[in-house]
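Chemist: Have a look at the structure that comes next, please.
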Amino acid sequence: MVLARHELLHRRLAGVDLFAVGHDVVGTPRQAAASLCRSLEDFEGEEDVYAKRRGRFETAFRSTVDGSGQLYVLHVPSSYDPAKKYGLRIFLGAYSRRDHFRPDESPDCIDATLWPRTNNSWRGLTELTFREALRDITRHYNIDPDRVCIGGASKHGAGAWRLASRYPHLFAGAMPLFGYTDCYLENLGNVPTWSYHDSTDPVVPVDGTRAVVNKLRSKGCPIIHAETAGGGHGATRIDPAWGMGGWFQTLRRNPFPSAVDYTTLTPDVGRSYWVEILEFSDPNQPARSRARLLGSERSNELVLALDNIDVLAIDLPPGLFNREKDLSIAVEGSPLILAGPLPERIYLHRTAESGYGLSRVDPRPAKPGRPYVAGGLNS
């Protein structure tokens, strides 16, 4: 059976020069067929052959949408020890090992290269690909949640901008390169970002990136921006002295920042650090939350500015809040007090008087049927 599959695959690949995922990943058609044949042999065995695999190799996860296998590539250090935690660097798009913007392989990090299911800059099914791949990697490897970074170039640079802004609490840093930006920049207030663009890029004009960088700097967001001239739409002129690999190694996520700004168009993705938007007032408009802790660490004074939000969940991590004391929240100019000891999570909900109330339990009633999510076919 395995030999028959091998011959069939070889015949189907005979007229193809390279797989679309890149020569450095699967090589020639014959090499690709041999690799697929080995995978079939591994599948028919009982041992988890991937558990001991090191270096660069193809693997896949099973999609929850249609049950299909979705390919991605991992590089696991030869010295990988399951008892130790490792950083994770996620690269969007079919990168080659020769790409100059890609940091050198690190003995302290696992690298993952992901491909989109659709050509739409990491939205819809493609966004789900990222989420499922991340879940698959963290299931099988000992990943340090405070050392996960994301990067991409061109349309995948746009994907890096977007995913970092959609899931800021997941990342220690982001590296979007010469890609356009259509995300909510305020969401990146706690995500260190390294941006690169060539001033002669004829595909994605550099002015868009410059405007984004200036806006992030005006908001006090941690942003590094670098430019070259004469490189066009690519990263071939990036100076290795910029030390991107070293920058990746220094990054550590702050899981409990004292200030959190978050805007979302879809309530199914409404979490940012210790704040989560659960229900919109108008499902066809974006929802915005601005949360600020006053004073020093473990402060129990919180100021909120909310727009288009009916229900907001607030986690109370011990590193930020003293759960033995009362909690004071100012929202829309009105003070709310919750007596201590405090639970791990509380809920802010709009009341019939158009103000907000506090609850220790989720105030949303059970709703029959499917929840409505704003948006078009992507949702």
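The values are calculated or read from the model by the stated rules, or taken from the named source; none is laboratory data. Treat the numbers as computed from the prediction; the structure is a model and nothing was measured. Cβ atoms come from the backbone with ideal geometry, glycine included; neighbour counts cover every protein chain shown. Please note that ligands, DNA and RNA were not included when accessible areas were found on the heavy atoms of the full protein model with its side chains. Shrake-Rupley method; radii C 1.70, N 1.55, O 1.52, S 1.80 Å.
Chemist: Kindly report, to the nearest 10 Å², the accessible surface of Thr138 as traced by a 1.4 Å probe over protein heavy atoms only.
Modeler: Near enough 70 Å² of accessible area.
Chemist: OK, next. On a C-alpha basis, how far is the centre of region 264-334 from the centre of region 41-73 in Å? Whole number, if you could?
Modeler: When both Cα centres are located, 39 Å separates them.
Chemist: Here is a follow-up. Heavy atoms only, probe 1.4 angstrom, no DNA, RNA or ligands counted: give me Asp42, Asp201, Asp48 ranked by accessible area, highest first.
Modeler: Order by accessible area, largest first: Asp48, Asp42, Asp201.
Chemist: Excluding residues fewer than 8 places away in the same chain, name every one of the lysines whose C-alpha is closer than 27 Å to that of Lys155.
Modeler: List returned: Lys215, Lys219.
Chemist: Now a separate question. Could you check the simple spin-label distance between Arg217 and Ser359, using points 7 Å along Cα→Cβ, in nm with one decimal?
Modeler: 4.6 nm
Chemist: Restricting to Cα pairs below 8 Å that are 6+ residues apart, what does the relative contact order work out to for region 244-339? Please round to a whole percent.
Modeler: 23 percent
Chemist: List the lysines whose Cα lies under 22 Å from the Cα of Lys85, skipping any in the same chain that are fewer than 8 positions away.
Modeler: Here the lysines satisfying the reach criterion relative to Lys85 are Lys52.
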